[in-house]
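Every read-out reported here was derived from the displayed coordinates using simple, explicitly stated rules and does not represent laboratory data. Note that the structure is a prediction, hence the values are computed from the model and not measured. Because the Cβ atoms are built from the backbone with ideal geometry, glycine has one as well, and the counts that use them run over all protein chains shown.
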């Protein structure tokens, strides 16, 4: 007896794939028997563009590689140049960068949590996560002039000193209280537990075979956080969040715990900055900036896994060749493995993305937001 299978396109026009991803699923009834990810919908030629721009011209564009973690990609390109020219960062510059990177990590994790819960049908956590994230974005705007695409890190230092830390201290005061609320309404929610526990299991061997890094790796039981061997974090106490379960619930829980760990790191940076003197940095003349001929590599623990940059220089003002590696690219490839044998309805909880009727949920959430802002009641039909 032959079985007829159905091929289904999940995305890119699905409300929760956000136009960036297509999953070609082959179904036997409701069960997924194969998955083929199709990426590239946001291809913008970032690597090729670098070959025609000087390093200083290219720097403002790299925040866009991951607009939710722009500081990390600015830091990567700065590391390439600073490493090639053997520039040592002043301790205060390191503290400022660490503080902003960890705040950026928190804001990225908050968006992931809010969007993930929205796609599973929970509207309220979406608003809560964005409420806390808004505090961080307002602070980023205050110091850099931008809520996103900050262009704050420069080769050899930062654009300006940071002396007023009251806004950051207020963020750190509020966040732990809100995380306790998340634990009550999300982590202990029986519906959320049934949707995520035991779904999309990722074992250690598979994670390593697919070169998975970051939260997804540590939620599968592998004890590795690149921050512990990163010179930028030298002198900072960085705890590693490791969970053994390896399922969707563990990947959610790991992000909650990582936010708590990032709060601790930001506290350490603030304590140093309070007693630090003036800002000392060796800035580079952008008009004469050229890297010596050779190959240069840098990496960093970004919110979605280890991100890295590889540059080949021929001694001119523009890179001869540049290559980016993002953690999320390898995570997408993993969907071929962990979606196989799962049910279609669980694909949303496993991929951390699309959910049924998400468009309606977004519409109702928008209406609810306007109602709260304008003090108007919603009419239920």
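With n ≥ 4 as the cut-off for DSSP H runs, can you work out [θ] at 222 nm for the chain, using -39500 (n - 2.57) per run divided by the number of residues, rounded to the nearest 500?
It lands at -14000 deg cm²/dmol.
Cut-off 10 angstrom, C-alpha nodes, Gaussian network model of the chain. Which of 240, 206, 275 fluctuates the most?
275
Relative to the present Cα-Cα distance, how much length would full extension add between residue 264 and residue 299 at 0.36 nm per residue of separation?
Details: separation 35, 0.36 × 35 = 12.60 nm, distance 2.25 nm.
Full-extension gain reported as 10.3 nm.
Whole Å is fine, so just give me how far the alpha carbon centre of the range 32-81 lies from that of the range 143-198.
Between the Cα centre of the range 32-81 and that of the range 143-198, the gap is 22 Å.
Identify which of 31, 204, 274 has the largest mean-square fluctuation in a Gaussian network model of the chain, with springs joining Cα atoms closer than 10 Å.
Result for the chain, Cα springs under 10 Å: 274 fluctuates most.
Report the calculated FRET efficiency for residue 223 and residue 43 (r = Cβ-Cβ distance, R0 = 25 Å), to the nearest 0.05.
0.10
Counting only the backbone N, which residues of the range 136-164 are under 17 Å from the spot 7 Å out from the Cα of residue 288 toward its beta-carbon?
What the label zone holds, given the 17 Å backbone N cut-off, is 155-156.
Rounded, prolate or oblate: which one fits the range 68-153, using the alpha carbon gyration tensor with axes a ≥ b ≥ c (rounded when a/c is under 1.5, else prolate when a/b beats b/c, else oblate)?
The shape class here is prolate.
Which of these, 25, 279, 76, has the largest mean-square fluctuation under a Gaussian network model of the chain (Cα springs below 10 Å)?
In the Gaussian network model the winner is 279.
For a bin width of 20 Å, list the pair-distance distribution of the chain built from all Cα-Cα distances, rounded to whole %.
Percent of Cα pairs in each bin: 26, 56, 17, 1.
Can you list the equivalent-ellipsoid semi-axes of the range 15-165, largest first and in whole Å, using the square root of 5 times each Cα gyration tensor eigenvalue?
Over the Cα atoms of the range 15-165, the ellipsoid semi-axes are 34, 23, 12 Å.
How much length is gained on full extension from residue 20 to residue 6, taking 0.36 nm per residue of separation minus their Cα-Cα distance?
2.8 nm
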